Amino acid sequence: MTTTLEKVNGTPNGDAATSPAGPRTDPRAEAEAEAIRARTAAETEAIRAKAAAEADAIRAKAEAEDERQRIANERARMKLEKDQAAHAAYLAERKAKEEAARAAADTARKQAETDAEQAAKRAAEQRRAERTWKWGARGIYAIGLIIAGPVQFMHFWDPRRPFLLAAPALLEGFALALAFGAAWAVAHRRDVTPYRAGIMLGAVIAAGINLHGGITNAAIGLNAGLIGAIASLGGPVVLMVYEHGIAQKADGTPSRRERKAAERAKAEEQVRQEKAEAEKAEAERKAAHEKEVQQARVQQEQNRRDEDRRHSHTEVWAVADAMRSARGAPVVTEQIWAEAWYRVTGCKTVGITPEMESRSRAAQARMKTVAEVPVLGDFAQIESQKVHPAKRDPDAPDGRRHNGGTPPRRTPGDTPPYSPLARKQASIEQTARTAVKEAGQ
């Protein structure tokens, strides 16, 4: 400021500005001094604002970094808790599965042991019953021989023909031998019918002889003959029934109880199958009905869509219908409609026309322009760049009166240079305007 005043007054210290009449104020010097003070204040304020902005930015960045780290730590903690919970659930599930498998194995083992024990008891009971039945049948046969034999001996006794005493052994032995043959046939899986027929024939003959002897021979008597006849029939019949059971067991022939149980199970299975078939038929009928309803709804929606497109977008519909016909499609699908829309309007987004796209782009450009205008003024840089009115006294003399009212001539360097912040802001705005202009082209 001293240098400027020296240039204005023409003396090193400015003492020459004092005239004999007294001190005189130079308005130009005051204006320059005021401009310098304003520029200095503006630069100082700009530097302070920049420092404050940088500090705020650093603080905001630090806060953002702290928040990001806090969020990351929180997420890591939550992930760790989730993993721990998942691992605990996995361990609990595995333990439950192991316990369930162990319980199932124990149950299966106990059931197997119970089944084996029951099977063993049943097998033992069957062996006991079979043994009792076997020896009971043989005992009945032996008792029958004991009863029927003497009756026949008394009937065939003849002192003149003693050889007839062998007739009882023949008759009773005939049935016994055929019983042994029936057992052999059962063991070797042969037909036992001839043996059973022979047993019954021999038993009937022996019973008839015993009954005849009891009727005709008073020494025998009717009671002895009748009981002898029953003994001759009963023993072979009981033995034959025993052998018949053995044959059925060997052949795997089911018993009457087993046949009844099988028939009952078959009837229940048939009822279940009929019920399942009825449920399946009902489900198929219901599915078919739902499918018909769905197809009718889809067809109704397709008809509504086609009618709406035919009346609202005639040109696009004509192209889409032509493409449908060329491709052999039954209806205009969404793919065909999208292709037709692109062929007619040039837009790949269905529903967007060039007019809509133009208005949208214009609105976006206006919004971008409004959003990027600086807040401090109409495309201004900073406060120090604005033109401020001179702070002078209205009654002060005008310097232009000394040169006929002509403004002073401008010379290089008489305007204060722009501050670095102003130059930087001007560069930013120039770059932004260039980018907007290129985007608009």
Please determine whether any residue of segment 284-291 is of a type outside the set (Val, Ile, Thr) and more than 36 Å from the chain's Cα centre (by Cα). no
Confirm whether residue 137 is within 30 Å of residue 230 (Cα to Cα) and out of contact with any Cys (no Cβ under 6 Å at 6 or more places or on another chain). yes
Out of 202, 214, 228, which single residue is part of a helix (DSSP H, G or I), closer than 24 Å to residue 158 by Cα and touching a Phe, Trp or Tyr at 6+ places or on another chain (Cβ under 6 Å)? 202
I'd like to check something: does segment 157-177 contain any residue that is surrounded by 18 or more Cβ atoms within 10 Å (Cβ to Cβ), out of contact with any strand residue (DSSP E or B) (no Cβ under 8 Å at 6 or more places or on another chain) and more than 18 Å from residue 241 (Cα to Cα)? yes
Going through (1) farther than 17 Å from residue 153 by Cβ; (2) exposed (fewer than 14 other Cβ atoms within 10 Å of the Cβ) one by one, residue 186 fails only at (2)
Hits in segment 335-352 - residues which are open to solvent by less than 50 Å² (accessible area, probe 1.4 Å), assigned to a helix (DSSP H, G or I) and not β-branched (Val, Ile, Thr): 337, 338, 340, 341
So for segment 253-269 (the condition being modelled with pLDDT under 90, within 30 Å of residue 187 (Cβ to Cβ) and exposed (fewer than 10 other Cβ atoms within 10 Å of the Cβ)), does at least one residue qualify? yes
In segment 276-333, which residues are of a type in the set (Val, Ile, Thr) and closer than 17 Å to residue 350 by Cα? 314, 316, 319, 332, 333
Number of the condition not met by residue 219 [criteria: (1) modelled with pLDDT under 75; (2) within 60 Å of the chain's Cα centre (by Cα)]: (2)
Among the residues in segment 83-106, are any closer than 30 Å to residue 230 by Cα and aromatic (Phe, Trp, Tyr)? no
Which listed residue is out of contact with any Ser or Thr (no Cβ under 8 Å at 6 or more places or on another chain), part of a helix (DSSP H, G or I), of a type in the set (A, V, I, L, M) and at pLDDT 70 or above, from 439, 371, 422: 371
Quick one: residue 222 ticks every box in (1) open to solvent by 60 Å² or more (accessible area, probe 1.4 Å); (2) within 28 Å of residue 126 (Cα to Cα); (3) of a type outside the set (Asp, Glu) bar one, so which box is it? (2)
Selected residue [touching a helix residue (DSSP H, G or I) at 6+ places or on another chain (Cβ under 7 Å), open to solvent by less than 100 Å² (accessible area, probe 1.4 Å) and in a helix (DSSP H, G or I)] from 120, 137: 137
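Counting just the residues of segment 288-334 that are in a helix (DSSP H, G or I) and closer than 16 Å to residue 352 by Cα, which one comes out most open to solvent (accessible area, probe 1.4 Å)?
The selected residue is 315.
The values are calculated or read from the model by the stated rules, or taken from the named source; none is laboratory data. What you see is a predicted model, and the numbers here were worked out from it, not measured in a lab. Don't worry about glycine lacking a Cβ; one is built from the backbone with ideal geometry, like all the others, and counts go over all protein chains shown. Ligands, DNA and RNA are excluded from the accessible area calculation, which covers all protein heavy atoms including side chains. Shrake-Rupley method; radii C 1.70, N 1.55, O 1.52, S 1.80 Å.
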